[in-house]
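*Asks:* Quick one: structure below, then a few questions.
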Amino acid sequence: MNSWMTFLLLNYVAFSFAEDDIIVQLWKKTGKIRGHVLKSGKGKDYYAFQEIPYAVPPIGHNRFKEPIEAEDWNGILNTTVNKKVCMQNNALAYTKIPDSMEMSEDCLFINVYTPVRPNNRRKVVLPVLFWIHAGGYFYGSGAYQYWNPKFFIDAGIVVVTMNYRFGPFGFLTTADNVIPANLGLKDIVLAYEWVLRNIHLFGGNINRITIGGQSAGGFSAGFLQLSKKLRGKARAFIIESGSPLLPIAIQEDPRYLAFSMGKALDPTFNSTNSKDLLNKLRQASASDIVMANVRNERYPLDLGTRSIIWVPVIENADDPNAVVTSPMHEAVLRGDFTHAPLLTGYCSEEFRFFIRNLTLEDLQTEGTSFDRNASYIIHPNLHVSKSDLQTAASKYRSIYTNRTFGTDPSAFVKYNSGDAFVIPGIRYAELVSKFSPVFLYQFSYLGEMDGLSFLPNVTGTDSVAHTAELKYLFGGVEGFAGEPEDYSQSDQLTMKRMVTLWTNFIKYQNPTPNSNQLLDNVIWPRLRASDIQYLDINRNLEVRYNPKSYKEVKKVLTQYIQPPLTVF
């Protein structure tokens, strides 16, 4: 081989290695990371960086402490696979955790997916979706295996996902800073601050970030919109099937629940000292903590979402690290939040997801228990006085049925869908709309892609369950299985519409910036508080008014709820 051919071969090898070795030097010399190439929905290359540490592992002495920014590392960290999920105890979680992954307390990682090669000398500044995963604050993950972003990538969006602590590890607190409050939300805030420092390295624009999430991820996105910690640091918000005004989204007696955990771990534990509890919790194994049977005996209801206890709390406003500093309903009433465009909505019958293991007889039994207990129909966090409770509950139930919940299971499911998700979500949208553009939707398309057709359906043909819309946005465990071509033309069209609406909003803060044949030439109007409009997403796209008995429920609740106004 002559010298010229040798020169070409050596340079080809060097060039190929450089092209395949995707290295990014992070901000502040935290360290270098190595990414890899994945394929988008259209088969194009994009660049993935998975399981990047954004915080010091919250283990040992750091268990139940506020998150600390990740320390520098030497060399190049391989960030090409997700291996860990945060500690969780839930039958549904176990069925979703891929075999290749393990539960661990050391789980505070962030993932970045970008359609442009990092370190590209061209000035590419793409919009960013910062996605907060769902799971009721007790299970789930932000890993690639759960949330495959390939369709957002095809639309020119940089996507960021992350893990955060949940369950007792993220939301148990002694309410006195011995065990600080809202550790899970503080993890999310630290991850977001990581994005603000680093996303330009991946082609993202810090001035074009949309914070989004579904269910508990939607609660969190709402809490961040209300929080002074990130005031003005996001361009827009997406809140799916959630709101910080949900009655289940706040703990009102955190010390009681915290010390209940101590007692669950050790029946002889009788101390009321916060430091004693912290020591007990640090001595316990992570598996013992996550498996501990802690029940809220003051509200002993296990139906659907109502048994969730490890959720955010309202913190001391004088604490500089606090995320939630005032009653949420009051804050949004007075406009004390980041004024930014909001895309929000719900599935047409959310509660179907939560009755998947119940028979019709079970539903009738549960409905009867509500009929007998007004404090089940009117959540304690609504702060209705005892003297008004029975009357308020009776009026509330009469909106859905002129019978009883025990004899009308269809009405009982509709009530639960509204009470648990829809009504507080619309209330949040209505109040935000007085200060910022809001686009409200109802997802009513019942297709094959969501894989939920097996769920009990006692309310009608368009009874679309919680999580259904995600299947038309993402791949992975939380998205749909296979490829779009595996499904009907109607499913494929719905997915294209959903991706188009969501990515338009991320790009332009408007889901329909112009007329589009794919979207039936529909223009999605802004919500007006005086006459609530929303887009019904079914086989057709249709603008409708006054959703889900909202006006009637609002009339009852505003008559009886009392300060502090936390939820709705």
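The values are calculated or read from the model by the stated rules, or taken from the named source; none is laboratory data. Keep in mind that this is a model prediction, so the values were computed, not measured. We place every Cβ from the backbone using ideal geometry, glycine too, and count neighbours over all the protein chains shown.
Residue-wise test of (1) under 30 Å from SER453 (Cβ atoms); (2) part of a helix (DSSP H, G or I); (3) in the same structural domain as ASP462 (by TED's automatic domain parsing).
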| position | (1), (2), (3) |
| --- | --- |
| PHE354 | yes, yes, yes |
| SER375 | no, yes, yes |
| ASN381 | no, yes, yes |
| SER394 | no, yes, yes |
| ASN402 | no, no, yes |
| TYR415 | yes, yes, yes |
| ALA420 | yes, yes, yes |
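Results for (1) of a type in the set (A, V, I, L, M, F, W, C); (2) touching a residue at least 24 places away in the same chain (Cβ under 8 Å), shown as yes or no for each residue.
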| residue | (1), (2) |
| --- | --- |
| LEU278 | yes, yes |
| ASN293 | no, yes |
| TYR299 | no, yes |
| GLY304 | no, yes |
| ILE309 | yes, yes |
| VAL313 | yes, yes |
| ASP318 | no, no |
| ASN321 | no, yes |
| HIS329 | no, yes |
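*Asks:* Next question, about the same structure. Residue under question is LEU196, and the condition is that it be out of contact with any Ser or Thr (no Cβ under 9 Å at 6 or more places or on another chain), among the aliphatic types (A, V, I, L, M) and free of Cβ contacts under 8 Å to residues at least 40 places away in the same chain; does it hold? Even if it seems obvious, please write down each step before you answer.
*Replies:* Working: out of contact with any Ser or Thr (no Cβ under 9 Å at 6 or more places or on another chain): yes; among the aliphatic types (A, V, I, L, M): yes; free of Cβ contacts under 8 Å to residues at least 40 places away in the same chain: yes.
Here the answer is yes, as LEU196 does meet what is asked.
*Asks:* Going through ASP288, ASP318 one at a time, which residue ends up being in contact with a helix residue (DSSP H, G or I) (Cβ under 8 Å, 6 or more places away or on another chain) and more than 30 Å from LEU440 (Cα to Cα)? Talk me through it step by step, then tell me what you get.
*Replies:* Details: ASP318 fails: in contact with a helix residue (DSSP H, G or I) (Cβ under 8 Å, 6 or more places away or on another chain).
From the options ASP288, ASP318, the qualifying one is ASP288.
*Asks:* When you check SER243 against the structure, is it small (Gly, Ala, Ser), surrounded by 17 or more Cβ atoms within 10 Å (Cβ to Cβ) and without any contact (Cβ under 8 Å) to a residue 60 or more places away in the chain, yes or no?
*Replies:* Considered against the rule, which asks whether it is small (Gly, Ala, Ser), surrounded by 17 or more Cβ atoms within 10 Å (Cβ to Cβ) and without any contact (Cβ under 8 Å) to a residue 60 or more places away in the chain, SER243 comes out as no.
*Asks:* Of the residues ILE206, ILE199, ILE188, which is of a type outside the set (S, T, N, Q), at pLDDT 95 or above and assigned to a strand (DSSP E or B)? Before the answer, list the steps.
*Replies:* Numbers: ILE199 fails: assigned to a strand (DSSP E or B); ILE188 fails: assigned to a strand (DSSP E or B).
Sole residue among the options that is of a type outside the set (S, T, N, Q), at pLDDT 95 or above and assigned to a strand (DSSP E or B): ILE206.
*Asks:* For the range 279-320: of the residues being under 25 Å from the mean Cα position of the chain (by Cα) and hydroxyl-bearing (Ser, Thr, Tyr), which is surrounded by the fewest Cβ atoms within 10 Å (Cβ to Cβ)?
*Replies:* Ranking the qualifying residues of the range 279-320, first place goes to SER287.
*Asks:* Here is a further query. Of all residues in the range 451-509 being aliphatic (A, V, I, L, M) and in a loop (DSSP other than H, G, I, E, B), which is surrounded by the most Cβ atoms within 10 Å (Cβ to Cβ)? Break it down into steps so the answer makes sense when it comes.
*Replies:* Initially, the range 451-509 is screened for residues aliphatic (A, V, I, L, M), giving 452, 455, 458, 464-465, 468, 470, 473, 477, 481, 493, 495, 498-499, 501, 506.
Okay, now just the ones that are also in a loop (DSSP other than H, G, I, E, B), so 452, 455, 458, 464-465, 473, 477, 481.
Numbers: LEU452: 21, LEU455: 20, VAL458: 17, VAL464: 27, ALA465: 25, LEU473: 23, VAL477: 18, ALA481: 12.
Step by step, filter the range 451-509, then rank; the result is VAL464.
*Asks:* If you don't mind, another one. Which of the numbered conditions does PRO312 fail, given that it passes all the others? Conditions: (1) modelled with pLDDT of 95 or more; (2) assigned by TED's automatic domain parsing to the domain that holds PRO547; (3) not polar (S, T, N, Q).
*Replies:* If we test PRO312 against (1) modelled with pLDDT of 95 or more; (2) assigned by TED's automatic domain parsing to the domain that holds PRO547; (3) not polar (S, T, N, Q), just (2) comes out false.
*Asks:* Checking the structure you have, find out if any residue of the range 41-51 is of a type outside the set (A, V, I, L, M, F, W, C), buried (at least 21 other Cβ atoms within 10 Å of the Cβ) and assigned to a loop (DSSP other than H, G, I, E, B).
*Replies:* No, the range 41-51 has no match at all.
*Asks:* Moving to a separate point now. Could you list, in sequence order, the residues of the range 527-553 that are in a loop (DSSP other than H, G, I, E, B) and out of contact with any Ser or Thr (no Cβ under 7 Å at 6 or more places or on another chain)?
*Replies:* The first filter runs over the range 527-553 and keeps only residues in a loop (DSSP other than H, G, I, E, B), leaving 527, 529-530, 532, 538-540, 546-549.
Matches in the range 527-553: SER530, ILE532, ASN540, ASN546, PRO547, LYS548, SER549.
*Asks:* Still on this structure, please answer the following. Of all residues in the range 398-408, how many are surrounded by fewer than 24 Cβ atoms within 10 Å (Cβ to Cβ) and either in contact (Cβ under 8 Å) with a residue 24 or more places away in the chain or of a type in the set (Phe, Trp, Tyr) (or both)? Quick ask: steps written out before the conclusion?
*Replies:* Start the filter on the range 398-408 by keeping residues that are surrounded by fewer than 24 Cβ atoms within 10 Å (Cβ to Cβ), which leaves 398-404, 406-408.
Within this subset, residues satisfying the condition of being either in contact (Cβ under 8 Å) with a residue 24 or more places away in the chain or of a type in the set (Phe, Trp, Tyr) (or both) are 399-400, 404, 406-408.
Number of matching residues: 6.
Every residue, every condition in (1) touching a His at 6+ places or on another chain (Cβ under 6 Å); (2) among the hydrophobic types (A, V, I, L, M, F, W, C); (3) buried (at least 23 other Cβ atoms within 10 Å of the Cβ); (4) without any contact (Cβ under 8 Å) to a residue 60 or more places away in the chain, yes or no:
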position	(1), (2), (3), (4)
ILE97	no, yes, no, yes
ASP106	no, no, no, yes
LEU129	no, yes, yes, no
ALA134	no, yes, yes, no
PHE169	no, yes, yes, no
PRO180	no, no, no, no
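*Asks:* Being charged (D, E, K, R) and either over 18 Å from GLU193 (Cβ atoms) or assigned to a loop (DSSP other than H, G, I, E, B) (or both) is the filter here; which residues of the range 52-89 pass it?
*Replies:* Initially, the range 52-89 is screened for residues charged (D, E, K, R), giving 63, 65-66, 69, 71-72, 83-84.
Matches in the range 52-89: ARG63, LYS65, GLU66, GLU71, ASP72, LYS83, LYS84.
*Asks:* How many residues does the range 510-533 hold that are of a type in the set (Lys, Arg) and over 13 Å from TYR545 (Cβ atoms)? So that I can check it myself, show each step before the final result.
*Replies:* Initial filter on the range 510-533 (of a type in the set (Lys, Arg)): 526, 528.
Still in the list and also over 13 Å from TYR545 (Cβ atoms): 526.
Residues that pass the stated criteria total 1.
*Asks:* Just give me the residues in the range 548-562 being within 15 Å of LEU431 (Cα to Cα) and among the hydroxyl-bearing types (Ser, Thr, Tyr), in sequence order.
*Replies:* TYR550, THR558
*Asks:* Quick check on ALA374: is it within 25 Å of ASP176 (Cβ to Cβ) and more than 23 Å from the chain's Cα centre (by Cα)?
*Replies:* Details: within 25 Å of ASP176 (Cβ to Cβ): no; more than 23 Å from the chain's Cα centre (by Cα): yes.
When the stated conditions are applied, ALA374 does not pass them.
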